[in-house]
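The values are calculated or read from the model by the stated rules, or taken from the named source; none is laboratory data. The model shown is predicted, which means the values in this text are computed figures rather than measured ones. Ideal geometry is used to build each Cβ from the backbone, glycine not excepted, and the neighbour counts take in all protein chains shown.
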Amino acid sequence: MKTDYDVVAIGHLDKGRIVRGSESREAVGGAVYYGGAVLARLGLKVAVVTRLAKEDAWMLEELRSFGIEVFPVWTPETTGIENYHPDPDSDFRICRPLGFAGTFREEDLPDVEARLFYVGTIFADEVDLPFLQAVAARGPLALDAQGCLRKLVGDELVTDGWPWAREALPLVRYLKVDDKEAKALTGKGDRAMAIRELAALGPREVVLTHQGGVAVLSEGEIYEAPFRPRSLAGRTGRGDSCFSAYLGRRLLGDEPRQAARFAAALTTLKLERPGPFRGSLEEVHRLLATL
């Protein structure tokens, strides 16, 4: 019998390194890591499908400690990214590859059912159009487009175009981009114009994160909510945490405006602390009352 989940999150784990100014530390990352932690904290039943080397199986233990079931696909190497922040208090970062676990294939998908399939991409060529078509055939699809827009130029991952975006976006119910990705896709620096143009390509809801907060477009209306962190010590994982908080609250019954405000409050707390969100929901609701 198939197992049912609220969310099946699909994406590479990042055996990464975070460099802020002169300080460096090794860190597990990836959309399914930061996002999975949030979804599980919201009380949802979550599974993660990921690709990594067997020698890095230890990376799965923290996900399991969150109550997440993991479906690993073993590969010769694990994806790794170095996130270099020259200015510790700036949003700017340089991304360099440390390894790549390969492109997802339809046969990587376990025989399970879910209310939502969340594809969180972090690396160039992590997914392709046939794979997204296979996922969308299983159920509603949420996509973080980050990896779809990334291109390897020399030794750096840069945000560039997405040649097959027009074929992919009609498959997507919830799309997540940041302001730089939205501009790369649409050519529009104005967030409202960019988010509307993206929605016109197919997604039912578009979530756009930026340094100051989050904007959500749903049924023609744009809802905005601010981030107000006291520091950016936990900058890595910002968008993953925000998008998953939004998705989780939508699955739990919130309207888009409510879900956006909740996601902004949770992300504010996440930004102040390195690693995945480990705060309490009570803490989020206390902050939400002040935003």
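Quick notes on this structure:
Quick grid of which residues meet (1) free of Cβ contacts under 8 Å to residues at least 60 places away in the same chain; (2) outside any loop (DSSP other than H, G, I, E, B):
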| residue | (1), (2) |
| --- | --- |
| R250 | no, yes |
| A260 | yes, yes |
| T267 | yes, yes |
| P276 | no, no |
| V284 | yes, yes |
| T290 | yes, no |
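- Tally of residues being within 26 Å of T75 (Cα to Cα) and touching a helix residue (DSSP H, G or I) at 6+ places or on another chain (Cβ under 9 Å) across the range 21-38: 10
- Top-ranked residue of the range 52-80 - restricted to ones that are touching a Gly at 6+ places or on another chain (Cβ under 6 Å) and farther than 16 Å from G275 by Cβ, ranked as surrounded by the most Cβ atoms within 10 Å (Cβ to Cβ): T79
- Residue check for R230: surrounded by 19 or more Cβ atoms within 10 Å (Cβ to Cβ), modelled with pLDDT under 95, of a type in the set (D, E, K, R) and not in a strand (DSSP E or B): no
- All conditions but one from (1) surrounded by fewer than 18 Cβ atoms within 10 Å (Cβ to Cβ); (2) hydroxyl-bearing (S, T, Y); (3) in contact with a strand residue (DSSP E or B) (Cβ under 6 Å, 6 or more places away or on another chain) apply to Y174; the one that does not is (1).
- Matching residues, the range 34-46, being surrounded by 24 or more Cβ atoms within 10 Å (Cβ to Cβ), touching a residue at least 60 places away in the same chain (Cβ under 8 Å) and touching an Asp or Glu at 6+ places or on another chain (Cβ under 7 Å): Y34, G35
- For the range 262-291, the set of residues classified as more than 28 Å from E26 (Cα to Cα) and surrounded by 21 or more Cβ atoms within 10 Å (Cβ to Cβ) consists of F262 only.
- Answer from E77, E82 - the residue that is over 25 Å from V112 (Cα atoms) and at pLDDT 95 or above: E77
- Of residues in the range 1-32 being of a type in the set (S, T, N, Q) and farther than 20 Å from G67 by Cα, the one surrounded by the fewest Cβ atoms within 10 Å (Cβ to Cβ): S22
- Residue count, the range 185-214 (criterion: over 26 Å from R235 (Cβ atoms) and charged (D, E, K, R)): 3
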